[in-house]
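Some notes on the structure that comes next.
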Number of protein chains: 2
Amino acid sequence: MSDALKIGIAGLGTVGASLVRILQDRHEMLATTCGRAIEIMAVTARDRSRDRGVNLANIKWFDDAVSLASGADIDVFIELVGGAGDPAYSAVKAALQRGIHVVTANKALLAAHGIELAGIAEEHGALLNYEAAVAGGIPVIKALRESMTGNTVSRVYGIMNGTCNYILTKMEKEGLSFEDCLKEAQRLGYAEADPAFDIEGNDTAHKLSILTSLAFGTAIAADDIYLEGITNISIEDIQAAADLGYRIKLLGVAQRTESGIEQRVHPTMVPYDSVIAQVDGVTNAVAIESDILGELLMVGPGAGGNATASAVLGDVADIAKSRPGAQHVPAFGRPATALLPYKRARIQSHEGGYFIRLKVLDRTGVFANIARHMAENDISLESIMQHSKHYVDSAEPKTIILVTHATHEASVRKAIVAIKGEGYLVGEPQVIRIERPKAG
Amino acid sequence: MSDALKIGIAGLGTVGASLVRILQDRHEMLATTCGRAIEIMAVTARDRSRDRGVNLANIKWFDDAVSLASGADIDVFIELVGGAGDPAYSAVKAALQRGIHVVTANKALLAAHGIELAGIAEEHGALLNYEAAVAGGIPVIKALRESMTGNTVSRVYGIMNGTCNYILTKMEKEGLSFEDCLKEAQRLGYAEADPAFDIEGNDTAHKLSILTSLAFGTAIAADDIYLEGITNISIEDIQAAADLGYRIKLLGVAQRTESGIEQRVHPTMVPYDSVIAQVDGVTNAVAIESDILGELLMVGPGAGGNATASAVLGDVADIAKSRPGAQHVPAFGRPATALLPYKRARIQSHEGGYFIRLKVLDRTGVFANIARHMAENDISLESIMQHSKHYVDSAEPKTIILVTHATHEASVRKAIVAIKGEGYLVGEPQVIRIERPKAG
């Protein structure tokens, strides 16, 4: 058996503590599998005195992540500090510049500095592994970076935020409002006290930007993502979706188009009998469509201390199984210098089906008028119907629901502006994009 | 860039031809990703003269797989010949004994000789990769062997035969008989002229035996699998399942129990709103339940020239990215000598829910009598109902459907024997096991 693999861990929150526990409890089993022992040599965390339920005796304590990354006698630096900036950024950089492999769960760091860090890693013969950064325990990075080598990816999409999926699932199953479900998610620890980062879609966008780079071999462009959160989704939308044979999910979608790459995060209607529609609660799912393999969908836990620690451990084990400096695995699939520039496709050129919900005054000819505006913008309709659960007074506004065949976003926007000009709309129209799996 | 990786391919059927085409068409792209070129040095196939639509000029032709594996100047031997015996077996062995890495799609070979071959590979510092052997394009081998390192798996199960899943899906969706759907599958090329190997469950059993070894770190025991095919499933079962909120799938299941490991392949009822229930047609799916990661489900193409070639290519690329002799990746997760003996749990001790369909003569007290036999065998019932779509003459036999709570197989068998003794049964009872995902 070879020399032990020496690791240092920065950050001992839920994931870090879980990782330490697993490495200690399964020391023998891991040594058998990896062909050598994995030894924790150094750790650091904000609070040294906190009881984390793990034994840190005989492990060197460093004052901060950067000094650990720069000074510890280690083969692998595990960054579980979080955040796009320092100390995570400087610590990872310092480790890579010493030729030390890095394993990180930090999506924000990679979204902001991933390509720069990948370049430094390659220059110094170090690996940069980050399975835990996207969709927690789901091995989507490995699938894209290793299993699908040689494939040309056409689309990657997924449910990558457990908070949003929990809220949308609960709204549907229990008929509760967005606000009530958010409160319940907060009570259960599925949502932060300040939930904006999750429910506005930013968290999904960070993860999507990493998948886009891996899938299409392009530089990361995390700021160039069309973003809509789920705060605007009402129980009425969810019920109408169900009536039409759809469920609403917050998807991150990256797609190769003729004009460039579309990156978008928005509430999306998916066909009820598609596999991804059945992914409920905090569970995540990622689908990859490519030209040789076809369609691959992976479903699993997207967060949680253990699931994330498992992904980190898989990354560490890959390094343990290879001999130092013996692998060529560019962080984003191809060498950082060979990544293509990211060319954005504007959301206006997006092509797909749309669900449109309009509240209108009950006037003669409104139906026909809406249909005419659609036709004038070359939008072909799959259905148009008045939607109401109860008999309502004819003086009340009526709800009209349209489902379009594939059309352009620009056309939909133009049609809506024209309809707004007619004066019969009450409030803002709701527009939800429809996404269909390639097959099934 | 390092020296090219030299490969030899034995077998130029659909998968082999597809692989050659991809390696030639994407030569540059693969070299960029892998850090070195992949060059086809040698090939062999039964018929040299056949036009496969690929350019084999400048590639050395060998008369047979064994002479290629023994004599070609290659780093990797790709075995696409198929079959548990020769020439596949001798060719793979010859390559490994020369220290040449092997990539194979051959589930029958691995089911029969996997552990022996893994031992030879380790002895000679060679890798034995076989992603394509189980569930085609789904990277389940990589997930178990690499991503889930350190996890203790409790259950692995899946839809691993496209022929069976196509037939069961078509029976349900179109209300057609097993025989009609089998004919249609044969017409479309989804089933062989002699379909026994698929529809009797043997193909699934081969794949399951490989997953069992990887998941539980045990020796392969392909002959020790409880086996029931789908030939016995009627449209009446499928409709009753639907009425009860289930769908019927042919699952391969391997499960850790107190008395050993259960390996079983049989038609199975899965809850309609579970993700795996929505996996239709020839698509495959594999679920893995483990203690750290949690539940992982992967859905994708289980067969087809391109999907299989993609999995083979992923295995080859992994070797290309590592430096010769630089990796320690035991074929079945742990060194062949460290694999645990397989201890079988008998099917009689299986614990789970059961669907039981009985055709009975319409006599007074039959219902009560059946319920009494269940109670006497400690079987707790979830439901018992008379099932018929139409009003039928009371002289006709009636169908009674029972769904049990979790119970033991032995109890169910005893109860059925007792009921058979009562004399009111018409024909054979139908018994279908129920399998529930851990969550959702």
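Report the label-to-label distance for B:Ala410 and A:Lys343 in nanometres (one decimal), using points 7 Å from each Cα along the Cα→Cβ vector.
6.9 nm
Using only the C-alpha atoms of the protein assembly as shown, find the volume of their convex hull and express it per residue in Å³.
Considering the Cα atoms of the protein assembly as shown, their hull volume per residue is 184 Å³.
Rg(Cα) of the range A:84-234 divided by 2.2 N^0.38 Å?
Rg over 2.2 N^0.38 Å, computed on Cα atoms: 1.17.
If you build a Gaussian network model of chain B, linking Cα atoms that sit under 10 Å apart, which residue out of B:Gly421, B:Gly11, B:Gly114 swings the most?
B:Gly421
What 222 nm value per residue comes from the helices of chain A, counting each DSSP H run with n ≥ 4 as -39,500 (n - 2.57) and dividing by all residues, nearest 500 deg cm²/dmol?
After summing the helix terms and dividing by the residues of chain A, the value is -10000 deg cm²/dmol.
Would you mind estimating how fast the range B:80-156 diffuses translationally, via Stokes-Einstein at 4 °C and 1.567 mPa s with the Kirkwood radius over Cα pairs, in µm²/s?
99 µm²/s
If the range A:246-344 were replaced by its equivalent ellipsoid, with semi-axes equal to the square roots of 5 times the Cα gyration tensor eigenvalues, what would those be, largest first, whole Å?
They are 29, 23, 12 Å, listed largest first.
Classify the range A:12-142 as rounded, prolate or oblate, taking a ≥ b ≥ c as the square roots of the eigenvalues of its Cα gyration tensor: rounded when a/c is under 1.5, otherwise prolate if a/b is larger than b/c and oblate if not.
Here the range A:12-142 falls in the rounded category.
Out of all Cα-Cα pairs in the range B:350-434, roughly what percent, to the nearest whole number, are more than 22 Å apart?
In whole percent, the long-distance tail amounts to 19.
How big is D for chain B, in µm² s⁻¹ as a whole number, if Stokes-Einstein is applied with the Kirkwood radius of its Cα pairs at 4 °C and 1.567 mPa s?
It diffuses with D of about 55 µm²/s by this estimate.
Just checking the output field for A:147-157: average partner chain Cβ neighbours within 10 Å of each residue's Cβ?
6
Taking every residue in B:280-293, how many Cβ atoms of other protein chains lie within 10 Å of its Cβ, on average?
Neighbouring Cβ atoms belonging to other protein chains average 4 per residue here.
Calculate how many DSSP beta bridges within the protein assembly as shown are antiparallel, expressed in % of all such bridges and rounded to the nearest 5.
Given both bridge residues lie in the protein assembly as shown, the antiparallel proportion sits at roughly 70 percent.
Calculate log10 I(q)/I(0) of the range B:143-301 for q = 0.11, 0.14 Å⁻¹, where I(q) comes from the Debye formula with a single equal point scatterer on each Cα and nothing for solvent.
-0.43, -0.68
Mind checking B:303-316 for the average number of partner chain beta-carbons within 10 Å of each residue's beta-carbon?
Average per residue, whole number: 4.
Which one of A:Ala277, A:Ala65, A:Ala133 has the biggest mean-square fluctuation once chain A is modelled by GNM with Cα springs under 10 Å?
Result for chain A, Cα springs under 10 Å: A:Ala277 fluctuates most.
For B:Tyr424, A:Tyr246, A:Tyr166, what's the fewest-to-most ordering of other Cβ within 10 Å of each Cβ?
B:Tyr424, A:Tyr166, A:Tyr246
Can you tell me which of A:Val54, A:Val279, A:Val312 moves the most in a GNM of chain A? Springs connect C-alpha atoms under 10 Å apart.
So, out of A:Val54, A:Val279, A:Val312, the one fluctuating most is A:Val54.
FYI, it's all coordinate maths here, none of it is from the lab. Note that the structure is a prediction, hence the values are computed from the model and not measured. Methodologically, a virtual Cβ is constructed for each residue, glycine included, from the backbone with ideal geometry; neighbour enumeration extends over all protein chains shown.
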